[in-house]
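Accompanying notes for the structure given below.
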Amino acid sequence: MEFDYYYGSQADQFSFIRIPRMLLTEEIFSSLTLQSKMLYSVLLDRMSLSIPYSRK
């Protein structure tokens, strides 16, 4: 059995951004555009990357 290995930036193709389920299912958020929901998800992702650095 042979496995392909990913190095450096090749692994970036498997990254993802989480979209909170409530943005898609709750009525209160139904007036938001898909673009605004995606923007929120991107900002949430960036914030989670910054949190470890702010605790130093």
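The values are calculated or read from the model by the stated rules, or taken from the named source; none is laboratory data. Everything numeric in this text was worked out from a predicted model, so none of it was measured. Cβ: placed from backbone, ideal geometry, glycine included. Neighbour counts: every protein chain shown. With ligands, DNA and RNA removed, areas are computed over all heavy atoms of the protein, side chains included. Shrake-Rupley method; radii C 1.70, N 1.55, O 1.52, S 1.80 Å.
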The lone exception for Arg55 - which of (1) modelled with pLDDT of 95 or more; (2) open to solvent by 70 Å² or more (accessible area, probe 1.4 Å); (3) basic (Lys, Arg) it fails = (1)
Quick one: is Ser31 hydroxyl-bearing (Ser, Thr, Tyr), at pLDDT 90 or above and assigned to a loop (DSSP other than H, G, I, E, B)?
-> yes
Counted residues in the stretch 28-52 being open to solvent by 70 Å² or more (accessible area, probe 1.4 Å) and in contact with a helix residue (DSSP H, G or I) (Cβ under 8 Å, 6 or more places away or on another chain) come to 2
Selection from the stretch 7-27 of residues modelled with pLDDT under 90, assigned to a helix (DSSP H, G or I), of a type in the set (S, T, N, Q) and exposed (fewer than 10 other Cβ atoms within 10 Å of the Cβ) yields Ser9, Gln13
